[in-house]
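Okay, so here's the structure we're looking at.
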Amino acid sequence: MEPTTLRAVMAALRKPETGCPWDLKQDHQSLARYLREEAAEVLDAIAAHHPGDAATEAHLCEELGDLWLQIAFHAQLASDRGAWDIHDVERTVVEKLVRRHPHVFGEAAVDGSDDVLTNWAAIKREEKGQSPDHEPRLLEGIPASLSPMEEALEIGRRCAKVGFEWPDLEGVLDKVKEEVAELQAESDPVRVEEEFGDVLFSLMQWARKKGVDPDTALRRQMLRFKGRFEAVEDDARAAGGFHFRRRGRRERPFLCKNSGHELQLRLLSLAQDHRAGRQVP
């Protein structure tokens, strides 16, 4: 009989005598890359998601299932060595959520989401054995695994809690313009990198204050760009293809002619060595 639960499937795949050779070879470290990849694919699915659209609903459901598989796989590894299993994972998070929501599952009263966050932080300190009056440094404990974009947002959120914040969106936008001007004025490579970082950090704070998820915004922009470029590519192929021209060892500009207009893109690559006039169908 075929298994009907993910836990049963994973147990069968990891069974020493009859399991899958590939699955039996894996450990937490070897699976880490797949966890990152599946999480990224979930984010892609969210960026492309349209509520109520059957295709994107099914795609998001599928990608969340793939991410769930990674969690179940790690839990099965732990179960194989007698440490814990998927039920312990679920029990742990259920207990944490109940404990940190006393206004829902207990008698505590709150007046808005700010009170919820205050209680959450106090309960978290208690769980760690810290005294109630313990005051951690404001930027302490930000997960090292966050992407630079996520870390920039979290830094901004924490600083805003203590009033270290622009009074309005216009102030943030003025800061962005100021940083862009400083970037344009620089020529030293080290300073250019620093100023570019300042521009990005300021943009992240504008997005945070505006309520825009920069990760989702960028993912959706790339989806739009891909769609537009594919349309240009289709026109180019219909008109004869891409025409490559070599100019020096490091620059590979190519000219794409289609329907009476030209698109010139610069390719920076040493890996390819196109002959002048080579045509790619």
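Rule-based calculations on the coordinates, nothing more; no lab input. All figures in this text were calculated on a predicted structure; none of them were measured in a lab. Here the Cβ positions follow ideal geometry from the backbone for every residue, glycine too, while neighbour counts run over all protein chains shown.
Some values worked out for this structure:
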{"item": "Gain in span if fully extended, A32 to M1, counting 0.36 nm per residue against the direct Cα distance", "result": "8.0 nm"}
{"item": "Note, ³J(HN,Hα) from phi for the stretch 99-114, Karplus 6.51, -1.76, 1.60, rounded to Hz, x at Gly and Pro", "result": "5, 8, 10, x, 6, 9, 9, x, 9, 5, 10, 10, 10, x, 5, 4"}
{"item": "Entries of K96/K128; K128/K161; K124/K175; K96/K209; K175/K209 with Cα pairs more than 24 Å apart", "result": "K124/K175; K96/K209"}
{"item": "The chain, dipole about Cα centre (Lys/Arg Cβ +1, Asp/Glu Cβ -1), debye to the nearest 20", "result": "1360"}
{"item": "Angle between the chain longest axis and helix 169-185 axis [Cα atoms, degrees, rounded to 10]", "result": "50"}
{"item": "Computed E for D115/S147 - FRET, C-beta separation, R0 35 angstrom, nearest 0.05", "result": "0.70"}
{"item": "Relative contact order, percent, the chain [alpha-carbon distance under 8 Å, six or more residues apart]", "result": "10"}
{"item": "Among (1) -0.78, -1.33, -1.39; (2) -0.38, -0.95, -1.24; (3) -0.57, -1.16, -1.32, the entry derived from the coordinates for log10 I(q)/I(0) by the Debye sum over Cα atoms at q = 0.09, 0.14, 0.16 Å⁻¹", "result": "(1)"}
{"item": "Nearby lysines by direct alpha-carbon distance to K15 (threshold 29 angstrom, same-chain neighbours under 8 apart not counted)", "result": "K25"}
{"item": "The stretch 111-233, Rg to Rh (Cα coordinates; Rh as Kirkwood inverse mean 1/r)", "result": "1.08"}
{"item": "Hz values of 3J(HN,Hα) by residue in the stretch 48-56 - Karplus curve (6.51, -1.76, 1.60), Gly and Pro given as x", "result": "8, 6, 10, x, x, 7, 4, 5, 6"}
{"item": "In the stretch 111-212, the GluC sites (Glu not before Pro) that fall in loop regions by DSSP, at most 11 other Cβ within 10 Å", "result": "E140"}
{"item": "Between helix 189-210 and the chain: long-axis angle, C-alpha atoms, 0 to 90°, nearest 10", "result": "60"}
